[in-house]
Amino acid sequence: MMREALEHLDDTPRVKRLLLELGRFYNPVADGPVMPPAMRHEVLDRLEAADVGGARALLEALLATYLKIDEPAASSAEPSQGAQ
């Protein structure tokens, strides 16, 4: 849905519906909604002010943060070989 919103930034009512729907999904890592209300308002304020680039930047940053949840944690230490 976030990618759909990014693809349709020229359609503010559609983006508004998508962001509202994203706010209903829970993000257990952040212990809150996927789309926090403050972020939704900021994106919509920028769209209404014809700042499509600003709205896009906010959504892309949020999407990048959300996608990091699925990335495996990088380990700097080698796994222990155990006693031999």
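Only one residue of GLY53, LEU22, HIS41 has its Cα farthest out toward the positive end of the dipole of the stretch 2-69, where Lys and Arg carry +1 and Asp and Glu -1 on Cβ, and that residue is LEU22. Distances between placed amide hydrogens fall under 5 Å for ASN27 paired with GLY32, VAL34, all partners being 5 or more residues away or on another chain.
Using 0.36 nm per residue, how much length does the chain from ALA30 to ALA50 gain when fully extended, once their Cα-Cα distance is taken away?
Extra length available between ALA30 and ALA50 comes to 4.2 nm.
Residues in the stretch 3-17 carry Karplus couplings, in order, of 5, 4, 4, 4, 6, 10, 5, 7, 10, 4, x, 5, 4, 4, 5 Hz; the curve used is 6.51 cos²θ - 1.76 cosθ + 1.60 with θ = phi - 60°, and Gly or Pro positions show x. Each residue of the stretch 33-48 was assigned a 3J(HN,Hα) from its phi angle through the Karplus expression (A = 6.51, B = -1.76, C = 1.60, θ = phi - 60°), giving x, 4, 10, x, x, 4, 5, 4, 5, 5, 4, 5, 4, 5, 5, 5 Hz with x at Gly and Pro.
A short reminder: the numbers here are calculations on the coordinates, not readings from a lab. No experiment lies behind these values; they were computed from the predicted model shown. Note: ideal-geometry Cβ built from the backbone for every residue, glycine included; neighbour counts use all protein chains shown.
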